[in-house]
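Here's the structure, in structure tokens; my notes come after.
Only the coordinates and a few stated rules stand behind these numbers; no lab work does. Predicted model only: the values in this text are computed from it and were never measured. Using ideal geometry, Cβ is built from the backbone for each residue, glycine included, and neighbour counts are taken over all protein chains shown.
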Amino acid sequence: MINLNKRLRDTVGAENVIDGEQGIRQYLHSFAVKPKALPRAIVLPRDSATIQRIVILANDLCVPITPVSSRIHLHQGADPVKGGIMVDLRHLNRILEIDRRNRKVRVEAGVTWGQLIPALMKENLMITNPLFPHRETSVVSSLLDRTPPLDPRFECAEPIASLELVWPTGELFRTGTASHVNYGASSAGGAYPYGPGPIDPLRLLQGSQGTMGIVTWANIRVKKRPTLNETILVPLDSPQHVTALMHAVQKRRIGRECFALNAAMLKTTICEALDLPKAFIDKRLPQWLFVLVISAAKWFPEEKIAYEKEALRKVMDSEGLTVDCMNSDKQLFGLGPLHHILRSPWPDPKAHWTLNGTIPHKRLFFISRLDKAPAFIRNMEQEAAGAKRISLGVYVQPLEYGGGTHLEFAFFTPNQHDHEADEIFWACAISSIKLGAHYTRPQGRRLARLVYGRLDPQYIRLLKETKRSFDPNFIMNPDKLCFSFEDKGNNGSS
Amino acid sequence: MISPSVYKQFKDIVGKPYISHDPEVCQAYTLRNRGFHGAEARLLGTVPACVLLPKTTEQVSAILQICYQHEIPYIPASTFWFTQAGPRAENCLFLDLKRMNELQVDSSALNATVGPGVTYAQLQAEALKHGLYTMVPGGGSQASVVANHLSWGFSPLTYRVGMANRRILAAEWVLPDGEVVGLGSLATGDDPFWGEGVGPDLRGLLRGSIGWMGSLGVVTKMCVRLFPFQPERLRSSGVSPETFLVLPTHRIRWYNFLCQDLKTLLEMMVEIGEAEIAAAVMRVPRMWRFIAKAESKEDFWEQWNRSNNKEPKDSSELLRVLLVGYTSTAQLEYEEKVLMAIAQKYGAVSRPAQQRDQSWIQSADSVSMWWVSGAFMSVTGQVDTIDCAAATSADMVKLKEQYTPPLVQDHQDPGWFQATDMGHGGYLEFLNYWDPRDSEEMIQLVDRYYHLDGPKCLVQRGALSFFIQTNSPLSLDGPHFGPHYDHWTRKVKEMLDPKGLSNPPGILDAIDQVIERAPWLKKHKDW
Amino acid sequence: MDHLRLERFRWDAENCCGCKSCIWVDPIYVQGKDYSIRCPSLQRFKFDSYSALGRLKLALAILNGSMKITEKALDIIYQCNLCGACDTGCKRNLDLDPLMVLEALRIRAVAQGAGPPPALAQLIRRVRDTGNRFGLKRAKSAAWIPEGIKPSNRAKIAYFVGCNASYKNNSIAQATVKILEHLGIEYALMEEESCCGHPLFVSGAASEALALAKTNIEMLSDAGASIVLTSCAECYKTWKVDYPKLLDKPTSDMPYKAVHLVELLAGLLAKGGLRFRGPIEMKVAYHDPCCLGRLSEDWTPWHGSRGPNGLTQPPKPYRRGTNGIYQQPRQLISAIEGLELIDLPRTRENALCCGAGGGVLDVYPEFAAFTAQDRLQEVIDSGAQAVVSACPYCLDSFQVAIQSTGHLLKAYDISHLVSLALLGHEVAQ
């Protein structure tokens, strides 16, 4: 293995390799929960060609690779494989092109939310973002990981338009209409995601947690920044009311950002982002807060806001909610416009709402039908009710006009190492799976085992055979999802 | 020939009324004389040896297992309305999926679950009852929802939502070896409401910029996304052939604008997309304006020729926009105001528009493309930036001139443009018509345009045609896109269909085979 | 009869593009998953071969010599109602003539001695031997005439009763003449009425059909009539369309005008000449007979050729089913107080055949029954209490289907309802 490290240094330059134990342990501070396994080395390439060489080397020597692009790692998908190579893309951090005409931006994989959002703002553009992304998290990584957008419009759901990647075998490839060999010099605009041909590499990369290849850059769709915004806040007292209102609003296509938080989640997200005093929080928080942002851009913005608000009033009326329930952000929080913070990363560069007061890595999120969300919430509440120290935070995010819902549960506890809370967490996970929760991206080994373990063997087989087709040596993050290094040799049966 | 013992096995699966190897029955399922007049149909098309009509996924699975065991090639097709889906191998089994016609709308989850035998016309009618809608594709509302979502799925109504890829939710897929796998939320339960599965999204195997055209097993059930529409009823009216939906004009309206030239029209498209208004935005090819008004083919040609012989030539461009007040009447009024302001900005003149819909909400009159001269095909159908569409169009106009005749003279029409994905994309389809009874020499010229020079032009321009597998030889475009997307595509094909039984020669090799078999093409192969 | 030879329709057979407009209800009128197919044989047999698309390919194979008219081919050719749904569907966008191909296939089958199927051959013999399709003695044809009815010896209007109303559904003929007499319309009956020849034509026995046509036209002329009135849609279409087609003349050149009862009555209604009595409280669905609806436009022969791009020279006149008799029966029903008219999902030019047409009832009764039951279910699902049509064969088809299912739905001919509304009492069925 001395040979490996030397070869890595020869490949990427010694200054771009971290391979001593001290250096490695120092590096691993960027993980929210320090991983147990230590990599052999961490390499920090600066371009696609270097990444290719690393991958080819890894294949030659059958050494696993774990690619990461964020500066902070909030979940276990980034955990290194013991004795493997971590490929850290932080130096691929350029915003390569802002194409105002076609409303897209090309960014390298290491570009973070903290970089991109202000850069776009300068150009009067914005990107559909998730709920308070960490400013040090890679934008590309977030999107590939299917972090749900705050804006449930179908049009905004999948903003990646095309990308460049290094396959696990080391070949360079571009997807969609960026796939032309002379992309950049030809008329190919990279504006469309699919193919080329009858397979969709972009799809295979989504949700793969770095097991199918290393993305080097992506074209991402952006929008014109609205000139006028109004945030409507509706306090509600039950998940049923929340989902009913969400369904009605989405069916009429009103507004942009739309989501709901229960009090516990509200406290740890919006209230904390606004830095509200504790007294205020304790007095004013509703059980549930439904949030809707109505926006308008260039053309007759007041009229747009007006017709959407009028439509919203009618919806509220039909849901038995009075117009009085419609609060603006000023009324409820008395502070600045809410839409602004909703379109920004999490303000604290060190901490993050996903970690505040929660058991590390103990968040559950899955996709549900909107009309089943109350049942899932009730189930979780019942399971968690046994532990008085646990406060359950819930985030409800409609997707695709309410065709689906991202449900997220945070288990707040004063003691990070609370054993009872840990047990409750797993009880909730198991019962939600039994209830039919659709975990599309289970994070962490144990949850992944739980989820994948219940799947049809045909599905697992197909996943493994697909991986084997693209990664015959099983070197790309091979111990994640349902994969293991041992799968390399067999026929893909689980 | 399917052996008697195997035939009996098939018969035991589907039942006697639903299997036939009578040549009189099988000849209805040829690729020839199904409107697809290209060299592929002429050179590769065969008559299937046997036709089966399965009803359930279990039957399809059992059939494919037998095919796998006995190495019997097969082709699945539902409505057969994409003429690529015809048998091209000898002794092929034809799976006619029309009996798999379950349709269930789930209005709460904004979706519908359909079998391959369900058409868009049926789905749209059911969806509209729930205040929802789907996107009837350019190919026509008689297309199969499943097959079209898997292969194409584009139309003016996809302006907001884009190609069908993202509208495929969960699916039930019979792999070429007969095993059944549920994708998306069917992997974790019985509700097909969600498309992303666990882990990597395996919909990426089902289709990319185009589908497999039945050469990677059979999808027997699919859940597709529906979208909130507006609540007013669209009344059916008229008597054939002039039938249409009467639009409730306080909630849906068509608008026509004459722009002084193509450049202005495309700029308007960009601005409309940026303003995030509208439900459909397209440039109407000049010929279509005459098709719409003609009372007969003869009437069309008379008017068309007369107009083209007039001086000065009419160079105006027609932009057609559909507004839908999804939210309310006030929304439509607002969007109309914005639209008119944009039109004014670009000097576009508003023209009267009939407030009726013959295409695109419940129908799409794609068949008129064959009505013009008997044969039709598009040498490209692509989505990238609007500027890429414009540049490709200019190339194709120039190339087409060299092939006119035999192509019908359309006086340098730049093609069918649409804005898509709210203007993030610009669609171009470059349409061509010709007389299939023209001389052999002329037909060979058409072949060359379609299979060689057209694809070469696109490769040079960098335009990824989403029709790529239907006219372009993989040996030509494969190395130029990806690069080498052909290599990765073959890997998937080899992974799932190692015996090559699913619709051989498959979309990967068909056009290369055509070129090999056609001396008038082979002699021009220069790669 | 060169103008009806299969070769004349090669272009149509070659230019099918496979869109299946011949099968589907016009997409603008599709109401959902159910009742969206209007080709009875495709619906029954499922294979594409049993649609116009398949039959056009069969025709092409026969023309090219690669296929003979085998028993299976005969099955495909004759298990078809010749209802014209395919023709109307095709002409929505493509303007081929599928129906002419289907008719020419039968003519070819008979000419080659391969067809028609035995049951139709028997039917032809019955018509030849007894002048009616049922093979009954001619004397019985007058048995339907009720007491007190006084037709004129000679009149401008000759009421052509037809085989079915003469020998089977007498109530239709009785209701018709009672209506005429009530309205003071002078009419004559043909002395020795023969079958109109429809069964011969649909069998493919074109020469025999032509001979019978000539005979009937002569008889009409002898009766001094210039209008042939009928209450049977099949007879109507035969006189109006098939006779000129066989004679290779336009409908406008015929020495008579064919009029259906609903046309006559609707014309009077428009002029205020019909006074209906007290209400008939009933929800009724109107079934458009194929021969009265989409198949009934005037015939205009065409002897041109196709040039480049398939252009016809001289320009071909297209019969698209647009001007079929659709509104008149609906106007009559709507004018009768108490009747609530329901339009079925498959309506007007999209109507599903009752199942009887094209000789199917005679040769393939099971197929006919299948189609009738499908149509009946459509009526039941519409919420109607009764189905009304304007053809005795449709009435037969529905009555058999109702009987076999035991449903309480009623079936009427429009003459029954009109006579009840005019006279105040039912004509016994």
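Spelling out what I want: for every residue of the stretch A:339-347, take phi, set θ = phi - 60°, compute 6.51 cos²θ - 1.76 cosθ + 1.60 (Karplus), and round to whole Hz; glycine and proline get x.
For the stretch A:339-347, the Karplus curve yields 4, 5, 6, 5, 9, 10, x, 4, x Hz.
Output ³J(HN,Hα) for the stretch C:78-91: one whole-Hz value per residue in order, computed from phi by the Karplus curve 6.51 cos²θ - 1.76 cosθ + 1.60 with θ = phi - 60°, and x for Gly and Pro.
So the J values, rounded to whole Hz, are 8, 8, 8, 7, 6, 7, x, 4, 5, 5, 5, x, 5, 6.
So, counting K/R as plus one and D/E as minus one, what does the shell of residues with Cβ under 15 Å around C:Lys410 add up to?
-3
So what does the Cα-only Debye profile of the stretch B:131-220 read at q = 0.11 Å⁻¹, as log10 I(q)/I(0), no solvent term?
Values, matching the q order: -0.31.
Between the stretch B:45-118 and the stretch B:158-221, how far is it from one alpha carbon centroid to the other, in angstrom?
Comparing the Cα centres of the stretch B:45-118 and the stretch B:158-221, I get a distance of 15 Å.
Taking the Cα centre as origin and putting +1 on Lys and Arg beta-carbons and -1 on Asp and Glu beta-carbons, what dipole magnitude results for chain B, to the nearest 20 debye?
The calculation lands at about 440 debye.
Starting from the Kirkwood Rh over alpha-carbon pairs, what translational D in µm² s⁻¹ does the stretch C:308-429 have by Stokes-Einstein at 20 °C and 1.002 mPa s?
Details: Rh = 16.2 Å.
D, rounded to a whole number, is 132 µm²/s.
Please report the net charge: other residues with Cβ closer than 9 Å to the Cβ of A:Arg389, K and R +1, D and E -1. Present the calculation step by step, with values, prior to reporting the outcome.
Working: positive: A:Lys388; negative: A:Asp418, A:Glu420.
Here the count lands on -1.
Taking the highest mean first, how do the peptides A:25-31, C:23-29, C:202-208, B:314-320 order by number of other beta carbon atoms within 10 angstrom per residue?
Taking the mean over residues of other Cβ atoms within 10 Å, the ranking is C:23-29, C:202-208, B:314-320, A:25-31.
Would you mind checking which residues have amide H under 5 Å from C:Lys257's amide H? H placed 1.01 Å from N; only 5 or more apart, or other chain.
Here C:Ile227, C:Val228 satisfy the definition.
So what's the projected area for the stretch A:43-199, the Cα convex hull averaged over all directions, in nm²?
Taking a quarter of the hull surface, the average projection is 10.2 nm².
Arrange B:Tyr18, B:Tyr485 by Cβ neighbour counts within 10 Å, fewest through most, would you?
Details: B:Tyr18 20, B:Tyr485 28.
Placing the least packed residue first, the sequence is B:Tyr18, B:Tyr485.
List the trypsin sites (Lys or Arg not before Pro) in the stretch A:34-66 that DSSP assigns to loop (not H, G, I, E or B) and whose Cβ has at most 15 other Cβ atoms within 10 Å. Which are they? Mind dumping the intermediate values first?
Details: sites: A:Lys36, A:Arg40, A:Arg46, A:Arg53; in loops: A:Lys36, A:Arg40, A:Arg46.
Qualifying residues, ordered by number: A:Lys36.
When all alpha-carbon pairs of the stretch B:416-527 are counted, what percent fall beyond 24 Å? Walk me through the numbers before you get to the answer.
Numbers: 2209 of 6216 pairs.
Value for the stretch B:416-527 (Cα pairs over 24 Å): 36 percent.
Among the listed pairs C:Lys178/C:Lys257; B:Lys98/B:Lys221; A:Lys304/A:Lys330; B:Lys400/C:Lys20; A:Lys278/A:Lys350; B:Lys456/B:Lys523, which are separated by more than 24 Å between their Cα atoms? Walk me through the numbers before you get to the answer.
Numbers: C:Lys178/C:Lys257 22 Å; B:Lys98/B:Lys221 12 Å; A:Lys304/A:Lys330 20 Å; B:Lys400/C:Lys20 31 Å; A:Lys278/A:Lys350 21 Å; B:Lys456/B:Lys523 15 Å.
Correct reply: B:Lys400/C:Lys20.
Relative to the compact-globule scaling 2.2 N^0.38 Å, provide the ratio for the alpha-carbon radius of gyration of the stretch A:150-264.
Working it through for the stretch A:150-264, the quotient is 1.44.
Label-point separation (nm) for C:Thr300 and A:His340, each offset 7 Å from Cα along Cα-to-Cβ?
Roughly 7.4 nm, to one decimal.
List the extent of the Cα atoms of the stretch B:248-348 along each of their three principal axes, largest first, rounded to whole Å.
The principal-axis extents, from largest down, are 44, 29, 15 Å.
Taking one equal scatterer on every alpha-carbon of the protein assembly as shown, how large is log10 of I(q)/I(0) by Debye at q = 0.07 1/Å?
With no solvent term, the Cα-only Debye profile gives -0.81.
More than 19 angstrom separation, counting every C-alpha pair in the stretch A:348-398; what % is that?
Details: 469 of 1275 pairs.
Cα-Cα pairs of the stretch A:348-398 separated by over 19 Å account for 37 percent.
Under 10 °C and 1.306 mPa s, how fast does chain A diffuse according to Stokes-Einstein, given a Kirkwood radius computed over C-alpha pairs? Answer in µm²/s, whole number.
Values: Rh = 23.6 Å.
The Stokes-Einstein estimate is 67 µm²/s.
Is there a quick way to get the dipole size of the stretch A:228-342? I mean about its Cα centre, with the Cβ of Lys and Arg at +1 and of Asp and Glu at -1; what is the value in debye to the nearest 20? Present the calculation step by step, with values, prior to reporting the outcome.
Numbers: 14 positive and 14 negative charges, 34 e Å.
It works out to roughly 160 debye.
Please find the FRET efficiency linking B:Gln460 to B:Glu295, where r is the Cβ-Cβ separation and R0 is fixed at 45 Å, and quote it to the nearest 0.05.
Here the calculated transfer efficiency is 0.60.
Scan around C:Ile342 for amide H atoms under 5 Å from its own, H built in the peptide plane at 1.01 Å from N, and keep only partners 5 or more places away or cross-chain.
It is C:Val284, C:Ala285, C:Tyr286, by chain and number.
Restricting things to Cα coordinates, could you compute the convex hull volume per residue of chain B in Å³?
Value for chain B: 149 Å³ per residue.
Taking the Cα centre of the stretch B:4-96 as the origin, how large is its charge dipole in debye, to the nearest 20, when only Lys and Arg (+1) and Asp and Glu (-1) carry charge on their Cβ atoms? Write out the running numbers ahead of the final one.
Values: 8 positive and 8 negative charges, 29 e Å.
It works out to roughly 140 debye.
Would you kindly derive the ³J(HN,Hα) couplings of the stretch B:251-256 from the backbone phi angles with the Karplus curve 6.51 cos²θ - 1.76 cosθ + 1.60 (θ = phi - 60°), listing them in order in whole Hz, with x for Gly and Pro?
Result, ordered by residue: 10, 9, 8, 9, 10, 10 Hz.
With all distinct Cα pairs included, what does the Kirkwood hydrodynamic radius of chain C come out to in Å, to one decimal, could you say?
Here the Kirkwood hydrodynamic radius works out to 21.8 Å.
Cα centroids of the stretch A:231-299 and the stretch C:112-184: how far apart, whole angstrom?
78
Fewest first, what order do B:His424, C:His182 take by the number of other Cβ atoms within 10 Å? Don't jump to the answer; show the numbers that get you there.
Working: B:His424 24, C:His182 13.
Fewest-to-most Cβ neighbours within 10 Å comes out as C:His182, B:His424.
What does the convex hull of the Cα atoms come to per residue for the stretch A:358-450, in Å³?
82
Using amide H atoms built 1.01 Å from N in the peptide plane, name the residues 5+ places from A:Ala161, or on other chains, whose amide H lies under 5 Å from its own.
Excluding prolines and chain starts, which carry no amide H, the hits are A:Asn219, A:Ile220, A:Arg221.
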